[in-house]
1. Tell me which residues, restricted to region 233-277, are outside any strand (DSSP E or B), over 26 Å from the mean Cα position of the chain (by Cα) and in contact (Cβ under 8 Å) with a residue 12 or more places away in the chain.
2. Here is a list of conditions, (1) of a type outside the set (D, E, K, R); (2) out of contact with any Lys or Arg (no Cβ under 6 Å at 6 or more places or on another chain); (3) outside the structural domain of residue 294 (by TED's automatic domain parsing), and residue 55 meets all of them except one; can you say which number that is?
3. Within region 8-57, how many residues are in a loop (DSSP other than H, G, I, E, B), over 23 Å from residue 139 (Cα atoms) and of a type outside the set (Ser, Thr, Tyr)?
4. Checking the condition in contact (Cβ under 8 Å) with a residue 24 or more places away in the chain, more than 30 Å from residue 228 (Cα to Cα) and of a type outside the set (A, V, I, L, M), which residue from 54, 99 passes?
5. Determine, yes or no, whether residue 68 is buried (at least 18 other Cβ atoms within 10 Å of the Cβ) and more than 20 Å from residue 287 (Cα to Cα).
6. Give the residues of region 1-51 that are of a type in the set (Asp, Glu), surrounded by 12 or more Cβ atoms within 10 Å (Cβ to Cβ) and in contact (Cβ under 8 Å) with a residue 40 or more places away in the chain, sorted by residue number.
7. Just the residues that are under 19 Å from residue 63 (Cα atoms) and among the aliphatic types (A, V, I, L, M), please, taken from region 15-47.
8. What tally of residues in region 288-306 results from selecting those that are touching a strand residue (DSSP E or B) at 6+ places or on another chain (Cβ under 9 Å) and either of a type in the set (D, E, K, R) or crowded, with 17+ Cβ neighbours inside 10 Å (or both)?
Amino acid sequence: MTITQLRYIIAVDNHRHFARAAEACFVTQPTLSMQIQKLEEELDILIFDRSKQPIVPTPLGLKILAQARKVLQEAAILEHMSKQIKGTFQGELRLAVIPTVAPSLLPRFLVEFNKAYPKIKLFVEEMKTSDMIEALRKDRIDVGIAATPLEEKGVVEKPLYHEPFVAFVPSYHRMAKDKFLLASEINPEELLLLNEGHCFRNSVLSLCNSINLNSEGIHMESGHFDTLVKLADKGMGMTLLPYLTGIDLNDRYKSYVKPIAEPTPTRQVSLIYSRAQLKLEWIEALGETIKKHLPKKVLQQPEHVVSPL
């Protein structure tokens, strides 16, 4: 039995597919399959039911996988301890970022973080919050950036910044000449929303209290702020954006962005990680780097944080 074999069975459990697991482990599928088969023969246990698609663990396989995760976590502790003793920031840091944060946040700090910590190999992927929580629990990522509070058991939330909502109100709109908007004046019938599954959509729905999606009129949904902005500009309504997204728009679109009157609805964006996380120094370094590259407006304490749930 080897650590490599344990990593292979965890990869298959994560991906539920031998080819994708092999790709994730940077080996050929025959190599991965052969090593897993050797482990099964050594233990005299069938870990995966290969007759089902996607592949699923057998009842005994689930127990083996649970123990394998513990063994790999202990191995990671030993590896990380050796690096701490040497005083080096060297290794991999796996980061997930929600899609409504990634485009406006990642370009602000990634290059500087890589310059400051060249020996940390940062792997970044976009991930919805529900998938991020599962990835943390299964140790597929080390840290996430998500809208909080989430109040998930065993998950630490470390606030990074508080991002006000702003309104994108095109020139044709009835409120186009207003300097700012009152949240109570926003008509849900005119509001363009993100698709289900995005926490910012949940925050907007929470802000509006309730929106009757079956009522008359156009209720356009998209997975991207860019699409919502362009549709609003073409006369299909208005939309709400996070502050950093608003200030990243081109000059013409930026002229349509209006603040919302106090108490301004705001979302809290945090680093989230497991309580058992070993790479706390690296995560703290990541958080400090991010904060150094944010505008002062989002570093202020808000009056009204809107729930992402």
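The values are calculated or read from the model by the stated rules, or taken from the named source; none is laboratory data. Quantities reported herein were computed from a predicted structural model and do not represent experimental measurements. All Cβ positions, even for glycine, are placed from backbone atoms using ideal geometry, and neighbour counts span all protein chains on display.
1. 233, 235, 236, 237, 253, 256, 261, 262, 263
2. With (1) of a type outside the set (D, E, K, R); (2) out of contact with any Lys or Arg (no Cβ under 6 Å at 6 or more places or on another chain); (3) outside the structural domain of residue 294 (by TED's automatic domain parsing) applied to residue 55, the lone miss is (2).
3. Counting residues in region 8-57 that are in a loop (DSSP other than H, G, I, E, B), over 23 Å from residue 139 (Cα atoms) and of a type outside the set (Ser, Thr, Tyr) gives 6.
4. Details: 99 fails: more than 30 Å from residue 228 (Cα to Cα).
Every option except 54 fails the conditions.
5. Numbers: buried (at least 18 other Cβ atoms within 10 Å of the Cβ): yes; more than 20 Å from residue 287 (Cα to Cα): yes.
It is true that residue 68 is buried (at least 18 other Cβ atoms within 10 Å of the Cβ) and more than 20 Å from residue 287 (Cα to Cα).
6. Matches in region 1-51: 13 only.
7. 36, 39, 43, 45, 46, 47
8. Total satisfying the criteria: 9.
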